[in-house]
Amino acid sequence: MPEIRDATEADLPALLAILNQAIRETTAIWHTAEATLEARQAWLRERQGRGLPVLVAVDGGVVRGFASYGDFRPFAGFAATAEHSVYVDPAAQGRGVGLALLEALVARGRAAGLHVMVGAIEAGNAASVALHRKAGFEEAGLLREVGRKFDRWLDLLFMTRRL
């Protein structure tokens, strides 16, 4: 089982590699341009400066995945709801890394007083849907053809868990 800990600046090159692989090759994230190290540094500082978790899963001294949560919507009425992201190195997928990260995020969210955690998942991503079900998330709604990547329309599935 991987060690789950807070991310540090030293982890950013590994996080960047995992993120950019997902950008280039998957519909897990709908960005089309790869992220830069400078952008990830700013992201980490912003998240940590606000007291939001950025977690890494480390196995054998290697970062195998990362996860974080942030605002669901930027309005006061949504303050107790967070949207999360979990990314796992393809070489470590299917080995419990994603579940360990997601469970750690849920625990952090509960400790922070959150009421609901939201996952926004490309509806065809069966592995992510299964991961979220295993972690106690329920399907909450489907938005059809709201995104586009790799020359095709994508559906967005919302999954939620009350904390």
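For segment 50-78, filtered to residues that are free of Cβ contacts under 8 Å to residues at least 24 places away in the same chain and among the aromatic types (Phe, Trp, Tyr), the residue that is nearest to Pro2 (Cα to Cα) is Phe78. Among residues that are over 12 Å from the mean Cα position of the chain (by Cα) and crowded, with 17+ Cβ neighbours inside 10 Å, Val63 is included.
Flag set for Leu101, criterion: touching a residue at least 40 places away in the same chain (Cβ under 8 Å), over 27 Å from Phe150 (Cα atoms) and of a type in the set (A, V, I, L, M, F, W, C). Taking segment 1-25 as the range and being part of a helix (DSSP H, G or I), among the basic types (Lys, Arg) and within 16 Å of the chain's Cα centre (by Cα) as the test, no residue passes.
Residues in segment 113-163 that are over 20 Å from Glu25 (Cβ atoms) and among the charged types (D, E, K, R): 8 in all.
Only the coordinates and a few stated rules stand behind these numbers; no lab work does. Small disclaimer: the values here were computed from a predicted structure and weren't measured. Here Cβ is always computed from backbone atoms with ideal geometry, including for glycine, and neighbour counts include all displayed protein chains.
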